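Accompanying notes for the structure given below.
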Amino acid sequence: MLIALTLLLAAGAAATSTAEISVTSQSCEPTHLFRGDTGKLTIIIQNTGDSSVNIYSAQLDSPASGFKILNDKTYDTVGTIGPDATRTFTFTFIADVPDGIYYPKFYLDLDTAGSFRQYIPVEVKSTELVATVADVPDAFNAGKKSEVVIAVGNPRQGTVNGITITPLGDGATFSPRQAFIGELTTDKTKNVTFEVTP
């Protein structure tokens, strides 16, 4: 009976300690990934209880083949988190998976208090940017520079970063040879002007 009572008390303590840990914030950058993108998932937890909790380790488990966690060994050792304290965990991953919503599992090994787990949604959506010719001359003359304006739009649900435009074509030179747009938020358009010399 003493052994049984001890086991029941241990089980109750594990349930209580596990409930004291909660995820207060989670974010994915970029918010919507292209297939093959590298993403960053940031998770903030808080100890909402009145006693410290010892966290052995933290990990993010892949939800599918092709979804690769790049720093899966970073949090092999975590330590103690006190009452009302927070802790931030950041994982990088490659999402080489078809379009869809995936749920990698965030897992904490809580010493003798059991474990904590939560599934974090990550969306892969390969909607492409839209590029159109916004302005072009009626005709080009050999050896003479003419301006061509390219408009780039972002129909995606999230911001796209690091956008570069490179004009290509035989029988002409372009200036600049490459244009950097940088960041383009959702439903926004930016124009880039190139000088084209046939």
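The values are calculated or read from the model by the stated rules, or taken from the named source; none is laboratory data. No experiment lies behind these values; they were computed from the predicted model shown. Cβ placement follows ideal geometry from the backbone for every residue including glycine, while neighbour counts extend to all protein chains displayed. Quick note on the areas: whole protein, heavy atoms, side chains included, nothing else; ligands and nucleic acids left out. Shrake-Rupley method; radii C 1.70, N 1.55, O 1.52, S 1.80 Å.
Taken as a whole, the structure places Thr164 among residues that are over 19 Å from the mean Cα position of the chain (by Cα) and under 20 Å from Asp37 (Cβ atoms). Contact map, region 51-64: residues that are farther than 13 Å from Ile21 by Cα paired with residues that are among the acidic types (Asp, Glu) and open to solvent by 60 Å² or more (accessible area, probe 1.4 Å), Cβ distance under 8 Å, separation 6+ or inter-chain. Pairs shown: Ser57/Asp76; Gln59/Asp72; Leu60/Asp72.
From the list Ile81, Ile43, Ile55, exactly one residue is more than 23 Å from Arg156 (Cβ to Cβ), among the aliphatic types (A, V, I, L, M) and in contact with a Phe, Trp or Tyr (Cβ under 7 Å, 6 or more places away or on another chain). Which is it? Walk me through how you get there before you give the answer.
On the way: Ile81 fails: in contact with a Phe, Trp or Tyr (Cβ under 7 Å, 6 or more places away or on another chain); Ile55 fails: in contact with a Phe, Trp or Tyr (Cβ under 7 Å, 6 or more places away or on another chain).
Answer to the selection: Ile43.
The residue that is farthest from Ser51 (Cα to Cα), among those in region 96-126 that are of a type in the set (Ser, Thr, Tyr) and in contact (Cβ under 8 Å) with a residue 60 or more places away in the chain, is Ser126.
Within region 72-95, residues that are closer than 16 Å to Ser51 by Cβ sit with their Cβ atoms under 8 Å from residues that are of a type in the set (Lys, Arg) and part of a strand (DSSP E or B), at 6+ positions apart or across chains, in these pairs: Ile81/Arg87.
I'm trying to understand the selection: among the residues of region 132-161, which are within 30 Å of Asp37 (Cα to Cα) and not in a loop (DSSP other than H, G, I, E, B)? Steps first, answer last, please.
So the first thing to find is which residues in region 132-161 are within 30 Å of Asp37 (Cα to Cα), and the list is 132-134, 149-161.
Passing the criteria: Thr132, Val133, Ala134, Val149, Ile150, Ala151, Val152, Gly153, Val160, Asn161.
Contact map, region 177-191: residues that are closer than 16 Å to His32 by Cα paired with residues that are open to solvent by less than 100 Å² (accessible area, probe 1.4 Å) and among the aliphatic types (A, V, I, L, M), Cβ distance under 9 Å, separation 6+ or inter-chain. Pairs shown: Glu183/Val160; Glu183/Ile163; Leu184/Leu129; Leu184/Val152; Leu184/Val160; Leu184/Ile163; Thr185/Val160; Thr186/Val160.
Take the residues of region 67-79 that are closer than 14 Å to Phe89 by Cα and surrounded by 15 or more Cβ atoms within 10 Å (Cβ to Cβ): which is modelled with the lowest pLDDT? Out of the qualifying residues, it is Asp72. Within region 174-189, being of a type in the set (Phe, Trp, Tyr) and surrounded by 13 or more Cβ atoms within 10 Å (Cβ to Cβ) holds for one residue alone: Phe174.
Of all residues in region 100-131, how many are open to solvent by 70 Å² or more (accessible area, probe 1.4 Å) and either within 30 Å of Asp187 (Cβ to Cβ) or under 15 Å from the mean Cα position of the chain (by Cα) (or both)? Spell out how you get there, then give the answer.
In the first step, residues of region 100-131 are kept if they are open to solvent by 70 Å² or more (accessible area, probe 1.4 Å); the result is 101, 103, 112, 117, 119, 128, 130-131.
Narrowing the set further to residues that are either within 30 Å of Asp187 (Cβ to Cβ) or under 15 Å from the mean Cα position of the chain (by Cα) (or both) leaves 101, 103, 119, 128, 130-131.
Here the count works out to 6.
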